[in-house]
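See below for the structure under consideration.
The values are calculated or read from the model by the stated rules, or taken from the named source; none is laboratory data. The model shown is predicted, which means the values in this text are computed figures rather than measured ones. Positions of Cβ are backbone-derived with ideal geometry, glycine not excepted, and every protein chain shown enters the neighbour counts.
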Amino acid sequence: MLLLGSMMTVSGLLEPGFAGLLLIPVLLLVIRPLSTQLSFAGSTLSLRERGFVGWFGIRGIGSFYYVAVAIDAGVLSDSEARIVFWTVVACAGVSILAHGLTAASFTRRLPG
């Protein structure tokens, strides 16, 4: 967390542009929860429990790994690498903030 926070800059966070910043709420509010619901189809978890996993489940560090692999593989130009990297940083930052603000109230609502 300290490393992530220490490397953030305003210019870096603006690097993804409008499309990259628009991707953040789509990932956090649509793609991740929907993919979690589909992944747990047929399981014994309730919809509420699936929603909890979809909101708080593992993510973040894996995104940094995948972007590092893509950059190292050379499949992205320098400008594409900057955009993808800073999109991941911005998404992780928003995710940390959103999950930190909602953790206590969401956990209290979890059954059992």
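On the stretch given as the range 1-42, residues that are of a type in the set (S, T, Y) and surrounded by fewer than 10 Cβ atoms within 10 Å (Cβ to Cβ) total 2.
Checking R108 against (1) outside any helix (DSSP H, G or I); (2) exposed (fewer than 10 other Cβ atoms within 10 Å of the Cβ), which test does it fail? Unmet for R108, out of (1) outside any helix (DSSP H, G or I); (2) exposed (fewer than 10 other Cβ atoms within 10 Å of the Cβ): (1). Inspect the range 62-74 for any residue being modelled with pLDDT of 90 or more and among the charged types (D, E, K, R) and give the result as yes or no. Scanning the range 62-74 turns up at least one residue that is modelled with pLDDT of 90 or more and among the charged types (D, E, K, R). One residue alone among R108, R32 is closer than 23 Å to L4 by Cα and among the charged types (D, E, K, R), and that residue is R32. Taken over the range 8-52, the criterion of being among the basic types (K, R) and within 14 Å of the chain's Cα centre (by Cα) is satisfied by R32 alone.
Applying a threshold of 8 Å to beta carbon distances and a minimum spacing of six or more residues, or different chains, the list of pairs starting in the range 86-106 at a residue that is in contact (Cβ under 8 Å) with a residue 24 or more places away in the chain and ending at one that is of a type in the set (S, T, N, Q) and part of a helix (DSSP H, G or I) reads V88/S63; C91/S63; A92/S63. Scanning the range 55-84 for residues that are surrounded by 15 or more Cβ atoms within 10 Å (Cβ to Cβ), over 11 Å from the mean Cα position of the chain (by Cα) and closer than 19 Å to I31 by Cα gives V67, V84.
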